[in-house]
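A quick write-up on the structure given underneath.
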């Protein structure tokens with residue numbers, strides 16, 4: 001009963017994989033921040049067999065991640081490390097890439113800031129920080145559905161909400177990263193591709 005299922009993960013896995021697979025051709029190690037149910041890790045690690053995929057999340061999500069991993073039995077998929085932004089220590093390993101999906105609007109903004117700082121310490125020069133989720137542009141929602149989603153997030157907790165792309169890019173610049181690409185995804189989501197330049 002530990003294995004959780006996310007319908008959103010099921011829907012967005014194929015479009016995300018199509019975009020990130022060519023970007024990760026030369027990467028050997030990747031840290032996923034917020035592995036959640038574990039579905040993305042299993043779905044992406046299977047075709048990216050050359051890539052060592054390190055899962056991570058808060059401790060309460062580990063049973064589901066481990067359950068998905070056990071069923072898939074992929075040699076390049078690593079057991080989750082505990083990573084609770086602002087509380088847990090960051091891994092001491094260097095990575096070629098970091099991937100996170102649908103986390104920035106769940107975290108408090110202060111946690112997003114800490115995530116960028118942490119990623120900067122463990123991402124190799126030339127490495128990629130891949131961020132999937134909805135974003136606002138010039139302070140405006142890109143769709144009515146995103147506006148409704150933002151309102152529902154704020155009803156759950158005041159610290160949640162869709163982030164402004166401009167603020168994300170300021171953080172990137174402060175931590176030695178530049179925007180390589182901003183890719184439109186289904187359901188009014190984006191895939192930000194940031195490159196560490198220093």
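Any read-out appearing in this document is the output of simple, stated calculations on the displayed coordinates, not a laboratory observation. Every value quoted in this text rests on a predicted model; they were computed, and no experiment measured them. With ideal geometry, Cβ positions are generated from the backbone for all residues, glycine too; neighbour counts draw on all protein chains shown.
For residue 119, the conditions (1) free of Cβ contacts under 8 Å to residues at least 40 places away in the same chain; (2) out of contact with any helix residue (DSSP H, G or I) (no Cβ under 6 Å at 6 or more places or on another chain) are fulfilled apart from (1).
Checking each residue in the range 143-152 for being surrounded by fewer than 17 Cβ atoms within 10 Å (Cβ to Cβ) and in contact (Cβ under 8 Å) with a residue 24 or more places away in the chain picks out 143, 145.
Would you please name the residue that is surrounded by the fewest Cβ atoms within 10 Å (Cβ to Cβ), looking only at residues in the range 168-198 that are at positive phi and part of a helix (DSSP H, G or I)?
Restricting attention to the range 168-198, the residues satisfying the condition of being at positive phi are 176, 187-188.
Adding the requirement that they be part of a helix (DSSP H, G or I) leaves 187-188.
On the way: 187: 13, 188: 17.
Of everything passing the filter in the range 168-198, 187 is surrounded by the fewest Cβ atoms within 10 Å (Cβ to Cβ).
Being closer than 20 Å to residue 12 by Cβ and buried (at least 24 other Cβ atoms within 10 Å of the Cβ): is that true of residue 72 here? Answer is no for this residue. Within the range 89-104, if we keep just the residues that are farther than 21 Å from residue 17 by Cα and in contact with a helix residue (DSSP H, G or I) (Cβ under 9 Å, 6 or more places away or on another chain), the residue that is surrounded by the most Cβ atoms within 10 Å (Cβ to Cβ) turns out to be 90. Here is a list of conditions, (1) touching a helix residue (DSSP H, G or I) at 6+ places or on another chain (Cβ under 7 Å); (2) surrounded by 14 or more Cβ atoms within 10 Å (Cβ to Cβ); (3) in contact (Cβ under 8 Å) with a residue 60 or more places away in the chain, and residue 2 meets all of them except one; can you say which number that is? Here residue 2 meets the rest and fails (2). For the range 143-166, the count of residues that are touching a strand residue (DSSP E or B) at 6+ places or on another chain (Cβ under 8 Å) and either under 21 Å from residue 31 (Cβ atoms) or assigned to a strand (DSSP E or B) (or both) is nonzero.
Could you check the range 114-142 and list, in sequence order, the residues that are in a strand (DSSP E or B) and surrounded by fewer than 17 Cβ atoms within 10 Å (Cβ to Cβ)? Write out each step before concluding.
From the range 114-142, those in a strand (DSSP E or B) are 123-133, 135-137, 140; that's our starting set.
Of everything in the range 114-142, those that are in a strand (DSSP E or B) and surrounded by fewer than 17 Cβ atoms within 10 Å (Cβ to Cβ) turn out to be 124, 125, 126, 137, 140.
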